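Everything below concerns the one structure shown next.
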Amino acid sequence: MLALVDAYDPYETWISWPCTAFCAFVALNESRGVDLSQVKKEGVIFLALATNIMTERAAKTRGCSAENPWLSAAWKQLEKLLKDPLWKQVRLDQCALNLRSAAGGLHLKPTRIVSTSDDIATALDLRCSADHAHDICQGKAITKRSETYSQEMAELVAKAVMKRVRAARKSGQEEHEGGAMGSARGG
């Protein structure tokens, strides 16, 4: 995967690793005898890859953003990397960007966004307006559906990225067209 990132050297990279291994229910389920060792092992691999990409992108002064649930245990493992002032951290309550359940209700889904981009951090620093109810977002089928970003979120991220690309073009900075956002899936 790093070879692909190196080959295309995208101007912006968006990273989201599976959150299952880092959620609060892991300890609860393990206390009930559920074997999650494979899920946790996979989580460590994904997080190591994310950390490598984030470190490499930041070192090359390329834009990089990552997301995972606000309370994900993964953030503890990224503390050292994120102490660098290059990384901005904000909270996004995804109901503010119309994340909905299968029943049509809004999901709060507090999400931590870390980014080397002021534009992305500013755009996604959104909290719940507290003028609506939230559907519960727990359980495999429900959380699986909530992995997909809303159209509003995808458009907001694309707009922030394009703002950076236009600014880079205007200032004459080199820009690579090869990379970037990947699919509209998250963790």
Per the filter on segment 1-27, residues within 22 Å of T111 (Cβ to Cβ), aliphatic (A, V, I, L, M) and surrounded by 13 or more Cβ atoms within 10 Å (Cβ to Cβ) are I15, A21, V26
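Can you pull out every residue in segment 100-132 that is in contact (Cβ under 8 Å) with a residue 24 or more places away in the chain and among the charged types (D, E, K, R)? Quick ask: steps written out before the conclusion?
Here is the first cut: in segment 100-132, the residues in contact (Cβ under 8 Å) with a residue 24 or more places away in the chain are 100-103, 105-129, 132.
Selection gives R100, K109, R112, D118, D119, D125, R127.
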* Asked: Has segment 88-104 got at least one residue that is modelled with pLDDT under 95, among the β-branched types (V, I, T), surrounded by fewer than 19 Cβ atoms within 10 Å (Cβ to Cβ) and not in a helix (DSSP H, G or I)?
  -> no
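Which ones in segment 105-118 are assigned to a loop (DSSP other than H, G, I, E, B) and closer than 27 Å to M162 by Cβ? Even if it seems obvious, please write down each step before you answer.
Keep residues of segment 105-118 that are assigned to a loop (DSSP other than H, G, I, E, B), which gives 105, 107-109, 116-117.
Answer for segment 105-118, where residues must be assigned to a loop (DSSP other than H, G, I, E, B) and closer than 27 Å to M162 by Cβ: H107, K109, T116, S117.
Let me confirm something: among A96, A102, which residue is among the small types (G, A, S) and touching a helix residue (DSSP H, G or I) at 6+ places or on another chain (Cβ under 8 Å)? Steps first, answer last, please.
On the way: A96 fails: touching a helix residue (DSSP H, G or I) at 6+ places or on another chain (Cβ under 8 Å).
Selected residue: A102, the only one of A96, A102 that is among the small types (G, A, S) and touching a helix residue (DSSP H, G or I) at 6+ places or on another chain (Cβ under 8 Å).
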Taking segment 57-76 and the residues there that are surrounded by fewer than 16 Cβ atoms within 10 Å (Cβ to Cβ) and out of contact with any strand residue (DSSP E or B) (no Cβ under 7 Å at 6 or more places or on another chain), the one that is nearest to C137 (Cα to Cα) would be L71
**Study point:** Any chance E30 is surrounded by 19 or more Cβ atoms within 10 Å (Cβ to Cβ) and either without any contact (Cβ under 8 Å) to a residue 12 or more places away in the chain or part of a strand (DSSP E or B) (or both)
**Key:** no
**Message:** Whether any residue in segment 39-52 is among the β-branched types (V, I, T), surrounded by fewer than 21 Cβ atoms within 10 Å (Cβ to Cβ), out of contact with any Lys or Arg (no Cβ under 9 Å at 6 or more places or on another chain) and in contact (Cβ under 8 Å) with a residue 24 or more places away in the chain is what I want to check.
**Reply:** yes
Going through segment 66-87 in order, the residues found to be farther than 23 Å from A167 by Cβ and either aromatic (F, W, Y) or part of a helix (DSSP H, G or I) (or both) are W70, A74, W75, K76, Q77, E79, K80, L81, L82
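Could you please find all residues in segment 119-169 being small (G, A, S), part of a loop (DSSP other than H, G, I, E, B), surrounded by 11 or more Cβ atoms within 10 Å (Cβ to Cβ) and at pLDDT 90 or above? Quick ask: steps written out before the conclusion?
Step one: filter segment 119-169 for residues small (G, A, S), giving 121, 123, 129-130, 133, 139, 141, 146, 150, 154, 158, 160, 167-168.
Now restrict to residues that are part of a loop (DSSP other than H, G, I, E, B): 129-130, 133, 139, 146, 150.
With the extra rule that they be surrounded by 11 or more Cβ atoms within 10 Å (Cβ to Cβ), the set shrinks to 146, 150.
Matches in segment 119-169: S150 only.
The values are calculated or read from the model by the stated rules, or taken from the named source; none is laboratory data. In this text, all values refer to a predicted model and were calculated from it rather than measured experimentally. A quick note on method: Cβ atoms are made from the backbone with ideal geometry, for glycine too, and the neighbour counts reach across all protein chains shown.
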